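Asks: One structure follows; several queries about it will come next.
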Amino acid sequence: MAWRNPIRATYDWVLGWAERPGGPWALAGISFAESSFFPIPPDLLLIPLCLAAPQRAMWLAALCTASSVLGGIFGYLIGMLAYESIGVPILEFYNLTATFDDIGALYAAYTAAFVAIAGFTPIPYKVFTIAAGAFQVGFPVFVVASVVGRGGRFFLVAGLLRLFGEPMKEFIDRWFNLLTVALVALIVAGFLVVEFLFR
């Protein structure tokens, strides 16, 4: 039997849930797990589920957001209570140790804004949640910013798919990273404007 990349196998497994009755609950589980240890982002299941049932797109985005934030809280607790025993092995598995140190410095400078922006970036969200606990980011700030960041991402994807359907899926698939960078740039610009106006 030919060797198969485990990440690719996991990717195919996630997509397979789009055609099963338990798809929404699989979405909830994947959203929770991806925020602390799972490698595949929930968008890959959210997109086909929204295309299959556009009228449920906003409900699916809400489910995805709530589950992701709960998973983020789990990641936060890992960072706060079990960083050395659980957090470090997770970061080393994904080769994110250097990224973790950089994120710690950014948390110290920007806190809430950075947590919200983190929800949109292509960098695995688990590194942000574990780092938030390890660097003792305020818990209420972390939760609110996670809701804004993750909710913004998932509701944007679901809303566009509800409005435009299959052509938007192809567009998102092709330009996802570029769209993420552009959106993050807009968010950063907004925070800079607010900081300038209220300095």
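The values are calculated or read from the model by the stated rules, or taken from the named source; none is laboratory data. Model, not experiment: these values are computed from the prediction. Cβ placement follows ideal geometry from the backbone for every residue including glycine, while neighbour counts extend to all protein chains displayed.
Asks: Within the stretch 75-109, can you find the residues that are of a type in the set (A, V, I, L, M) and without any contact (Cβ under 8 Å) to a residue 12 or more places away in the chain?
Replies: Correct list: Ala82, Ile86, Val88, Ala98, Ala105, Leu106, Ala109.
Asks: Okay, moving on. What number goes with the only condition from (1) surrounded by 17 or more Cβ atoms within 10 Å (Cβ to Cβ); (2) part of a helix (DSSP H, G or I); (3) not acidic (Asp, Glu) that Phe120 does not pass?
Replies: The single condition Phe120 does not satisfy is (2).
Asks: Let me ask you something else. Is there a residue in the stretch 33-50 that is assigned to a helix (DSSP H, G or I), surrounded by 15 or more Cβ atoms within 10 Å (Cβ to Cβ) and among the small types (Gly, Ala, Ser)?
Replies: For the stretch 33-50, residues assigned to a helix (DSSP H, G or I), surrounded by 15 or more Cβ atoms within 10 Å (Cβ to Cβ) and among the small types (Gly, Ala, Ser): present.
Asks: Quick one: would you say Phe74 is of a type outside the set (Val, Ile, Thr), within 15 Å of the chain's Cα centre (by Cα) and farther than 30 Å from Glu170 by Cα?
Replies: On the way: of a type outside the set (Val, Ile, Thr): yes; within 15 Å of the chain's Cα centre (by Cα): yes; farther than 30 Å from Glu170 by Cα: yes.
So Phe74 passes the test.
Condition check ((1) touching a helix residue (DSSP H, G or I) at 6+ places or on another chain (Cβ under 9 Å); (2) at pLDDT 75 or above) across all residues:
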{"position": "Ala116", "(1), (2)": "yes, no"}
{"position": "Lys126", "(1), (2)": "yes, yes"}
{"position": "Ile130", "(1), (2)": "yes, yes"}
{"position": "Phe139", "(1), (2)": "yes, yes"}
{"position": "Val147", "(1), (2)": "yes, yes"}
{"position": "Leu163", "(1), (2)": "yes, yes"}
{"position": "Val184", "(1), (2)": "yes, no"}
{"position": "Val193", "(1), (2)": "no, no"}
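Asks: Of the conditions (1) at pLDDT below 90; (2) in contact with a Ser or Thr (Cβ under 8 Å, 6 or more places away or on another chain), Ala52 clears all except one; give me its number.
Replies: With respect to (1) at pLDDT below 90; (2) in contact with a Ser or Thr (Cβ under 8 Å, 6 or more places away or on another chain), Ala52 is out only on (2).
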